[in-house]
Amino acid sequence: MITTKGLTKVYESRGRQVTALDGVDLHVREGEVFGVIGQSGAGKSSLIRCVNLLERPTSGTVTVDGTDLTALAGRGHRAGKELRRARSRIGMVFQHFNLLSSRTVQDNVELPLEILGVSGAERARRALELLDLVGLADKARAYPGQLSGGQKQRVGIARALAGNPKVLLSDEATSALDPETTRSILQLLRDLNRQLGLTVLLITHEMDVVKTVCDSAALMRKGRVVESGTVAGLLATPGSELAGELFPVSGHATGPDRTVVDVTFHGEAATQPVISQLARTYNIGISILGAAMDTVGGRQIGRMRIELPGRYDENVVPVGFLREQGLQVAVVDPDAPAPATRADAPTATTDGPGTADGPGTTGSPAPTATPLAEETAK
C-alpha cells in the first residue's frame, strides 16, 4: 500500500546541507498498522511528511495505493490537481490536533469536505457519521476549547477520515496524551484499522505503542531504516535491536566458563515449563538473570536471559533442546561461537497465562522504555 524507494530529503540550513532521510526503502502492506520508531533526529517526521508530500523529497519515489506521488508533484511549490486528488485518499492525524478553535467540532470535521466542494447536506451527514464512529456524537456542537485532549484527538481522527481515505498517517498522535487516554486512542486506531480496512502508518517514540497496536515496525537511525519487519518476526530474530528495546532483559555471566543465552518464548511455548524440563532432563543448574513478558498484537511473547554452567561447547545439546521446543536462542557470551538460528520456528499464538517456569512469573515484567525526545519536522 505504501512503498518508498531510495527516499532522500536534504534541508538547507544556514548555508549548509542537513540530510534528514538517506535512501529510505520502506514497504507497508495493505491493511496493516506499521510503526516507525527512533530517537529525535532519526528522520521519522520527515519520512511521514514525505509520504503525503507535505515535504517534497530531494530524490527517490513514494508510491501509495499504486500511484507514484512523486511523479505527480511536478516542479512547482503548489500541489497540482492530480496530487491533491491523490492526497485526498491519505488522512493525517497530528500531534497537537490542529483544530480551528472558532469552528464547532462538526465544522472541523466538515472542513476537508468543504475544501473538496462537497454539498452542505452531504458534509453534515458524513461529519455526524464519523463523530459517532469515534464516540463523539454528542459533541457535534461543542467547540475545541470545551474538549479534553483525548476528545480533541478523536475529532482530529474523524476529520482525517472525512475524505474516506485508504491510508491514515499518524504523526505522534498520542505523545501529548496521558497513558489512559493514549490506550483509548490506540484502541480506536486499531478498531478503525479493522472496521474500515485502513492501512495505518504511525511514528512514535513510545515502545508501548508498538507493542499495543503495530503489526510491523521499523527502527530509524540518522535518516536510515536500520531494521524492519513484522513485530513477531523481529522478536524472534536474535540480535534484533528493536526486540531488545521492546523486551529489555539484562544480566551478565556470574563467573568464568558460563554460557549466557537469550531465549524468546511465543505461542504455545510461552505456556510450557520448558526451563524446568531442561534442568530435569540434563540435570543442570540454570540461573535466570532476567525475564520479560507482554502481549503484542494479541499474542503472548516473552524473553528470558539464562545462564548455563560450562562453556558453549559443553551446552550444545541443552541449547538444541530449547530450539526443539520451538524457541529462539541467541548466545550472549561474546567469546562463544553464535550458532545458526532456526528459521522454521512455529508462530502459534495463545491467550493463556505464563507458567511458573515461563517468563511470565520467573522475572519482573518488561520495564517501560524511557520515552525518546520529541522529534519535530525541520
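Only strands (runs of 3 or more DSSP E) whose full extent lies in the stretch 1-111 are considered here, and the ones with at least 3 residues that are surrounded by fewer than 19 Cβ atoms within 10 Å (Cβ to Cβ) are 2-13, 16-28, 59-64. Just a yes or no: is a residue in the stretch 115-124 over 25 Å from F34 (Cβ atoms), in the same structural domain as S45 (by TED's automatic domain parsing) and touching a residue at least 24 places away in the same chain (Cβ under 8 Å)? Checked the stretch 115-124: at least one residue is over 25 Å from F34 (Cβ atoms), in the same structural domain as S45 (by TED's automatic domain parsing) and touching a residue at least 24 places away in the same chain (Cβ under 8 Å).
I284: in contact with a His (Cβ under 6 Å, 6 or more places away or on another chain) and either hydrophobic (A, V, I, L, M, F, W, C) or not assigned by TED's automatic domain parsing to the domain that holds V33 (or both), yes or no? Explain how you work it out, then say what you get.
Numbers: in contact with a His (Cβ under 6 Å, 6 or more places away or on another chain): no; either hydrophobic (A, V, I, L, M, F, W, C) or not assigned by TED's automatic domain parsing to the domain that holds V33 (or both): yes.
Taking the combined requirement at face value, the residue does not satisfy it.
Hey, does the stretch 64-86 have a residue that's in contact (Cβ under 8 Å) with a residue 60 or more places away in the chain and among the hydroxyl-bearing types (S, T, Y)? Full working, then the answer.
Narrowing the stretch 64-86 to residues in contact (Cβ under 8 Å) with a residue 60 or more places away in the chain: 64-65.
Add one more test, that the residue is among the hydroxyl-bearing types (S, T, Y), and what stays is none.
The answer is no; no qualifying residue exists.
Please determine whether any residue of the stretch 165-176 is in the same structural domain as N108 (by TED's automatic domain parsing) and closer than 19 Å to T295 by Cα. Explain how you work it out, then say what you get.
From the stretch 165-176, those in the same structural domain as N108 (by TED's automatic domain parsing) are 165-176; that's our starting set.
Then keep just the ones that are closer than 19 Å to T295 by Cα; that gives none.
Scanning the stretch 165-176 turns up no residue that is in the same structural domain as N108 (by TED's automatic domain parsing) and closer than 19 Å to T295 by Cα.
Screening the stretch 206-253 for residues that are part of a loop (DSSP other than H, G, I, E, B) and charged (D, E, K, R) and picking the one that is surrounded by the fewest Cβ atoms within 10 Å (Cβ to Cβ) gives K222. Here is the figure for the stretch 112-140: residues that are more than 26 Å from Q187 (Cβ to Cβ) and outside any helix (DSSP H, G or I) total 4. Based on what the data block shows, is I284 at pLDDT 85 or above and in contact with a Pro (Cβ under 8 Å, 6 or more places away or on another chain)? Considered against the rule, which asks whether it is at pLDDT 85 or above and in contact with a Pro (Cβ under 8 Å, 6 or more places away or on another chain), I284 comes out as yes.
The values are calculated or read from the model by the stated rules, or taken from the named source; none is laboratory data. Quick caveat: nothing in here was measured; it's all calculated off a predicted structure. Note: ideal-geometry Cβ built from the backbone for every residue, glycine included; neighbour counts use all protein chains shown.
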